[in-house]
1. Please compute P(r) over all alpha-carbon pairs of segment A:122-199, binned at 5 Å starting from zero, and give each bin as a whole-number percent.
2. From other protein chains only, count the Cβ atoms within 10 Å of every residue's Cβ in A:54-67, then give the mean.
3. Please list, by residue number, everything in segment A:138-169 whose backbone N is under 12 Å from a paramagnetic label point 7 Å out along Cα→Cβ of A:Met104.
4. Report, as an integer, the average count of C-beta atoms from other chains found within 10 Å of each Cβ along A:188-197.
5. If I model a spin label as a point 7 Å beyond the Cα along the Cα-Cβ vector, how far apart are those points for A:Ala147 and B:Glu113 in nm?
6. Semi-axes of segment A:36-99's equivalent ellipsoid from the Cα gyration tensor, sqrt of 5 times each eigenvalue, largest first, rounded to whole Å?
7. For segment A:29-104, what does the relative contact order come out to in percent, with C-alpha contacts under 8 Å and a separation of six or more?
8. What list of ³J(HN,Hα) couplings, whole Hz, do you get for segment A:131-147 from phi and the Karplus terms 6.51, -1.76, 1.60, once you set θ to phi - 60° and write x for glycine and proline?
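FYI, it's all coordinate maths here, none of it is from the lab. The model shown is predicted, which means the values in this text are computed figures rather than measured ones. With ideal geometry, Cβ positions are generated from the backbone for all residues, glycine too; neighbour counts draw on all protein chains shown.
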Amino acid sequence: MTDATDLMADHPVLLATLAVDDTTCAPPRDIEQFLAGIERRAFRLAELALGHREDALDAVQDAMIKLMQYRERPALEWTPLFWSILRRQLTDRHRRNAVKRRVMGFLGRKDDDRDDPLEMLPDPFEDPARRHADSAAWKDLGRALRALPRRQRECFLLRELQGLNVAETASAMGCSDGSVKTHLSRAMSALRTHLEDWR
Amino acid sequence: MNGHDPNSHDLSTNAASTRARDLFDRASARLDIATANRLRLIRRDAQADASAHGRTRMLMPAATVAATVLAVGLVWWLPRDNTPAHIAPVAIEAAQDAYIADEDAEVYTWLAEAPVATSNAKAGAL
């Protein structure tokens, strides 16, 4: 128990993450705590959707700046608002990247999709084999998700990975609960085909 | 476990979904230090940006009130001309006419009473 308390004291971000993610807890104390708790998952979600680290960081930054305009709203509204803003950011960047890729292809230049060297640094506390397996699985998942139609991808990311409930997902996506269920069902079906090795 | 079994279909879907969620949770928790620092800076920048914006927004009404008070003060403080604009020139003109008329009457009176010089008077003087 003491160890857990010490861990919390040493890692305010972890504490914030638990406070935000656990629905039984009170809403975040302030916007700082909310953003601290959500930033890592937001970044990973953006990375999966865009397949590019810098783009993902930019999308999260823009989403945070936009959310600050709504900081006077009740804390309970921040979660659907933030994911809704981030979803729009990802959609815009997806379109922009598609145009960029087309232009680059037309000009005969290859878009820069190298792995980030920082990501390649080994973690001394982790089993290298497991890290390698996770890295490969992460890439497979990203590829499969980016191959999905936009609404299905958004639905899977928000509902399945971020763990929003159906109503929150519908609010973030600007559609009905029924549409969320339909998109999710189709996304799962498509992913089952794309991720054959995961069965 | 054939391809038409709906239960196996659901199980494989759930397994893939669970695995994806676990992977996502692990990846979010195990972020490299450089990216975690970038995220922290991004968060602080967003908040600083919002604070600066908020301060500017709060200063705007204060500046408006100050400008209004200054304008009202200037209007109050500047000397005002109480003479009605349309009446003033007419009144001044009438006063000047009356003055000239008074002067004319005095001159005519003096001319009438003044001794007239004659040739005898001139000779006597010589």
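1. Calculated P(r), rounded to whole percents: 3, 16, 22, 18, 14, 11, 8, 5, 2, 0.
2. 3
3. The answer is none, because no backbone nitrogen lies closer than 12 Å to the label point.
4. Mean number of neighbouring Cβ atoms from other chains: 3.
5. With each label point 7 Å from Cα toward Cβ, the separation is 13.0 nm.
6. Semi-axis lengths for segment A:36-99 are 21, 12, 9 Å.
7. 32 percent
8. Each residue's phi maps through the Karplus curve to give 4, 5, 4, 5, 4, 5, 5, 4, 5, 4, 4, x, 4, 5, 5, 6, 7 Hz.
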